[in-house]
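The structure appears right after this line, and notes come after that.
The values are calculated or read from the model by the stated rules, or taken from the named source; none is laboratory data. Remember, it's a predicted structure, so these values are computed and weren't measured experimentally. Ideal geometry is used to build each Cβ from the backbone, glycine not excepted, and the neighbour counts take in all protein chains shown.
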Amino acid sequence: MSKTILIGSPNSGKSLLFNRLTGLNQKVANFPGVTVDINSGKSLAHPDNVFLDFPGAYSLQTISGEEKIAVEAFYLALQDPQTSSVICVVDVTRLEKGLIFALQVINACAEHQKPLIIAANMIDVLNQHSLNLDAAGLEKALKVPVIEVSAKSGSGIEQLQEQAINHRDLPTTYSSDIIASDESVTHRQAQQLAMNFGPKGDLLINAQTRLDEFFLHSWFGGISFLVIMYLLFQSIFTWAAPVMDGVESILQLMSEFILPLLPAGAISDFTADALFGGIGAFLVFVPQIFVLTLVVGMLEDSGYLARAAVICHKPLRLFGLTGKSFIPMLSSVACAIPGIYAARTVDSPRKRWLTYLAIPLMPCSARLPVYSLLIAAFIPATSMFGGLIGWQGLAMFGIYVFGIVCGLLVTALVSKTSKAMQSDLPFVLEMPPYRLPSWRPLFRNAWNRSKHFVTKAGKVIFLVTVVIWLLGYFPNQGASLGESWLGQVGQWIEPVFAPFGLDWKYGVAILTSFLAREVFVGTLGTLFGIEGGEENIISLAEHIQNSGLPIGAGFALLVFFSIALQCVSTLAVLRRETGSWRLPTQLFVSYSILAYAAAWLTFVIVEAIAS
Amino acid sequence: MTLWDLKQGTSATVQSFVSSLESSYRTRLSELGFHPGELISCVLSPSLGAPKLYRVNNSVYSLDDSVASLIKVGSSVGKSTGTSVGSMAGSLAGTGE
């Protein structure tokens, strides 16, 4: 088994190339620093060769802890006898910058006697604009194979696969002309090489600047940012709604077909209440997860996210954060876990720590089923302008903004009062080129995320649903939910949630949701299923409306769920990233107390207004 | 004059770094192209103190005042042409020049 290292500058298209070479589905985006771990995958063409995808690095001379770990791992991999070759990925549209890093890699490979190949990526962009790279000239100058590839279109991939195999373990002789120990010499060499062999003219950079003039304009930039963010949240409802209706209809048809075939009794009740009522209620929301991941992916892939980080930098600085915090915060809108990993791109340790505080308050997709359910129960589904503006979408936008504002207020407060890790790193962010999104990886990523949501959260939901159903159904075979084992436990905990107008069923659903937020929907679906006893499944939102839940309690639930840290996985990943349980414990306790207090206050205020 | 003082559409050559800038960041800025002798263009200068966009060869970076004000530049050379200028074009043997 041989290994090939894949290394390159951030945003050089390395992860997409890795996916092409291995057939794997690593997350790809158009902003610097997506790869945060070393991924490995067998070569599609030669399964005896494994590709190792290293995090992108600007330099082998590190300035942050994360870079140090990645670069040390690279040097360690170079010492590994199984490492047979190295591929350095260079973005040909920004050749000089890529070559500065490539020259450092050549130096390291020469030192460890490892053969190197340069993958000149994004050749499709040059071709589109009738620009050229003199690959043969560059190869001659560097004395290293230079293969023109397009990770996006797939051109040149086969040649790169062959070269990685044919070139492995070859005796390597590097030109002494390009081995420089001084970084200013390396810089001049890269500049000269780019000038001699790189594309001529400013076509690409001028097009990028024209778009930047609009998207970063003092007024138009801010307005377009707000419009894009608003459309993101509207799309969750308007694009996903037909598919959600479809899923609901399929579940309805299935229940109508299956339930009459089952003998009356516990099996039939279990299928109706726990399977269709509990798990079915959760499955309805999967299309929203898909749409959300797709739209966030489109923004990432287009290059817009880096501009959004620039727009947000000044406002975020007021709250102790940096523009770079925007990317992990927006990733957290899909899921807090990739958001926590993405926070590694925040190079300042203090700002990264503050970003960790904000991430659990970002409105993640696990909150989406809860929000959607409560909004569907309390907000009318009227819309204007062909679904562009709807009350439910506006309410969703409002609750998302609420979560974000809470996160910012927390970081502002902590930033003002804590002096921890005061030394800071300056804000320098590379602006990636604007690109049309690569649809296939985007859809694949959205599909994988939805699948992960169903399989991972689904297992927890299934287990909780079964336990809740058993406790709610026995000992009286579903005759009276209030007198079941669960009813007895629920009435014991009811006083905890009574201050914000919730009965014991909601209390039990909240308690189970501390495993994962979306469990709330499944638990509630099961409980209403047992209580209703009907074989026709009506939507959970209708059950909530019929239960006479006060509007203040609905709003209190929304507020509670937007603050409380009900996610075991988030706590575990935070522990892994920070190296101790201190921060996760602090966040869990403080956000639980804050959520409870804010929910109670919301209930009091809304009920006072409503009456 | 510092890089932060550069007006949109103008260019200037990097002269040095403010002495308070840590050496590791100095190295990183140099690697990104903010290298003494390099011509930098300010391509976008939004109002309200937002980070500005600077072009170095074929790359564009956004820098805020906390870092751009640590890079000393010479006097600006008027309207940027948008063309990269290799100011320290060293010779390189065997490059096929």
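Structure data summary
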| quantity | calculated |
| --- | --- |
| Subset of region A:422-466 (residues that are closer than 30 Å to A:Pro349 by Cα and either without any contact (Cβ under 8 Å) to a residue 60 or more places away in the chain or not aliphatic (A, V, I, L, M) (or both)) | A:Gln422, A:Ser423, A:Asp424, A:Pro426, A:Phe427, A:Val428, A:Glu430, A:Pro432, A:Pro433, A:Tyr434, A:Asn445, A:Arg449 |
| Verdict on A:Leu305 being modelled with pLDDT under 90, within 14 Å of another protein chain (Cβ to nearest Cβ) and within 14 Å of the chain's Cα centre (by Cα) | yes |
| Test for A:Ile118: is it closer than 23 Å to B:Leu32 by Cβ and either out of contact with any strand residue (DSSP E or B) (no Cβ under 6 Å at 6 or more places or on another chain) or assigned to a strand (DSSP E or B) (or both) | yes |
| Qualifying residue in region B:19-33 (condition: in a loop (DSSP other than H, G, I, E, B), buried (at least 24 other Cβ atoms within 10 Å of the Cβ) and within 12 Å of another protein chain (Cβ to nearest Cβ)) | yes |
| Yes/no for A:Asp301 being among the acidic types (Asp, Glu), assigned to a loop (DSSP other than H, G, I, E, B) and over 21 Å from A:Phe453 (Cα atoms) | no |
| Residue selected from region A:404-420 under the condition assigned to a helix (DSSP H, G or I) and without any contact (Cβ under 8 Å) to a residue 60 or more places away in the chain, by the criterion farthest from A:Trp353 (Cα to Cα) | A:Val405 |
| Residue ID - nearest to the other protein chains (Cβ to nearest Cβ), chosen from residues in region A:38-86 that are in a strand (DSSP E or B), in contact (Cβ under 8 Å) with a residue 40 or more places away in the chain and over 30 Å from A:His187 (Cβ atoms) | A:Ser84 |
| All positions within region A:181-196 that are within 7 Å of another protein chain (Cβ to nearest Cβ) and of a type in the set (D, E, K, R) | A:Glu183, A:Arg188 |
| In region A:93-124, the residues that are among the small types (Gly, Ala, Ser) and crowded, with 24+ Cβ neighbours inside 10 Å | A:Gly98, A:Ala102, A:Ala119, A:Ala120 |
| Given (1) among the polar types (S, T, N, Q); (2) part of a loop (DSSP other than H, G, I, E, B); (3) under 17 Å from A:Ala358 (Cβ atoms), number of the condition A:Ser590 does not satisfy | (2) |
| Residue ID - surrounded by the fewest Cβ atoms within 10 Å (Cβ to Cβ), chosen from residues in region A:583-594 that are over 24 Å from the mean Cα position of the chain (by Cα) and of a type outside the set (Val, Ile, Thr) | A:Ser590 |
| Boolean, A:Ile327 is crowded, with 22+ Cβ neighbours inside 10 Å and either modelled with pLDDT of 85 or more or in contact with a Phe, Trp or Tyr (Cβ under 9 Å, 6 or more places away or on another chain) (or both) | yes |
| Helices (runs of 4 or more DSSP H) contained entirely in region A:335-399, each with at least 2 residues that are of a type in the set (Lys, Arg) | A:349-358 |
| Matching residues in region B:51-97 - criterion: being surrounded by fewer than 14 Cβ atoms within 10 Å (Cβ to Cβ), of a type in the set (D, E, K, R) and modelled with pLDDT of 50 or more | B:Lys79 |
